[in-house]
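No value in this document is a laboratory result; all are computed from the given coordinates. Everything numeric in this text was worked out from a predicted model, so none of it was measured. No Cβ is skipped: glycine too gets one built from the backbone with ideal geometry, and neighbour counts run over all protein chains shown.
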Amino acid sequence: MTKSQTILVRSLIVFLMSLAPTWAMAQGATGAAAPVAYGSVNELNGILTQLQQTAQSMLADLQKARIDKWKTDGATKRQTQGNVESLKRNLQTALPDMITELSNKPEDTAASFMLYRNLDALYDVFGSVVESAGAFGSKDEFQSLSNDMNGLESARRSLGERVQKLTASKEDEVVHLRAQLKMLSAGPPAAPKKTVIDDTEPAKKPAVKKKVTKPKPATPPAATPASTPPTN
């Protein structure tokens with residue numbers, strides 16, 4: 001893995017750790033996480049198997065190194081021997097525990113970050129020992145340690161690529177869970193108002209016929225009796 005790729009992975013680790021609280025909160029609100037896919041477990045098992053084999057080879061070759069016979073000054077020998085002892089403790093105790101932890105939780109972000117950071121530290125310290133072996137040790141020592149270095153680099157690169165994919169996957173998951181959290185916080189949606197449309201025509205009332213008032217016949221005037229002529 002190049003220096004720029006290493007910096008990218010470290011940046012992604014920091015970024016994903018900043019998302020961890022939201023991710024945990026959202027998972028708590030929406031239930032347990034989905035089961036890990038078989039492909040993801042299979043990929044991790046391949047990386048861890050390679051790493052375990054490399055660690056065993058590193059430990060054996062470090063124990064065989066005769067640093068006291070190297071053609072260099074005492075200060076360099078003491079510093080290298082101190083690095084070797086530190087590497088041995090890591091390979092015998094810290095690394096196996098981290099591998100077991102991640103094996104039990106294949107997509108756990110904290111376990112993935114912890115193992116990658118440890119490999120990063122091992123790579124730096126072991127690299128200095130290999131460099132010193134090339135300058136002051138025997139050819140066989142240098143060749144063996146160089147092979148171990150290549151195996152460590154391969155395992156570190158594979159795990160780094162997995163961390164990148166895991167970061168992208170968790171970021172998408174956090175975005176989705178944030179949306180779910182927002183919906184849960186808002187409460188149930190209000191029931192939609194029902195608009196009843198009455199499309200039936202009301203029955204028409206029969207038209208009321210107007211009563212026609214017939215005019216009353218005119219009453220003829222009463223006959224005036226004829227006047228009786230006066231008698232003589």
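Below 15 angstrom from the Cβ of Leu51, what's the summed charge of the other residues (Lys, Arg +1; Asp, Glu -1)? List each step's numbers first, then the result.
Details: positive: Arg117, Arg156, Arg157, Arg162; negative: Glu43, Asp97, Glu101, Asp120, Asp148, Glu153, Glu161.
Computed value for this residue: -3.
Test of understanding: what is the full-extension gain from Lys64 to Ser103, defined as 0.36 nm times their sequence separation minus their Cα-Cα distance?
Extra length from Lys64 to Ser103 when fully extended: 11.0 nm.
At 0.36 nm per residue, minus the direct Cα-Cα distance, what do Glu161 and Glu85 gain on full extension? Give it in nm, one decimal, please. Working shown, then result.
Details: separation 76, 0.36 × 76 = 27.36 nm, distance 2.94 nm.
This chain segment gains 24.4 nm when fully extended.
Tell me, what ³J(HN,Hα) does each residue in segment 107-123 have, in order and in whole Hz, if you take phi through Karplus 6.51 cos²θ - 1.76 cosθ + 1.60 with θ = phi - 60° and put x for Gly and Pro?
10, 6, 5, 5, 5, 5, 5, 4, 5, 5, 4, 5, 5, 4, 5, 4, 4
Put a dot 7 Å past each Cα toward the Cβ at Asp120 and Leu184; how far apart are the dots in nm?
Between Leu184 and Asp120, the simple spin-label model gives 3.2 nm.
How many nm is it between the label spots at Asp73 and Gln50, if each spot is 7 Å from the Cα in line with the beta carbon?
4.0
Within 10 Å of each residue's Cβ, count the other Cβ atoms and sort Glu85, Glu101 from fewest upward.
Going from least to most buried by this count: Glu85, Glu101.
I need the calculated FRET efficiency for the pair Glu171 and Asn42, taking r as the beta carbon distance and R₀ as 35 Å, to the nearest 0.05. Write down the numbers at each step before the final one.
Details: r = 23 Å, r/R0 = 0.65.
Working from the Cβ atoms, E equals 0.95.
Can you give the FRET efficiency to the nearest 0.05 for Gln143 and Gln92, using r as the Cβ-Cβ distance and R₀ = 25 Å?
Calculated value: 0.60.
Can you tell me which of 70-77, 86-93, 50-57 comes out highest on packing, and rank the rest after it, using the mean Cβ neighbours within 10 Å?
On the way: 70-77: 12.6, 86-93: 15.0, 50-57: 17.4.
Most protected by this proxy first, the peptides run 50-57, 86-93, 70-77.
Cα gyration tensor of segment 54-132, axes a ≥ b ≥ c as square roots of the eigenvalues: rounded (a/c below 1.5), prolate (a/b > b/c) or oblate?
prolate
Ranking Val130, Val175, Val84, Val125 by Cβ neighbours within 10 Å, fewest first, what do you get?
Fewest-to-most Cβ neighbours within 10 Å comes out as Val175, Val125, Val84, Val130.
Quick one: check the C-alpha center-to-center distance for segment 91-132 versus segment 62-76, whole angstrom.
26
Where does each of Tyr116, Tyr123, Tyr38 land when they are ranked from fewest to most other beta-carbon atoms within 10 angstrom?
If I rank by nearby Cβ atoms, fewest first, I get Tyr38, Tyr123, Tyr116.
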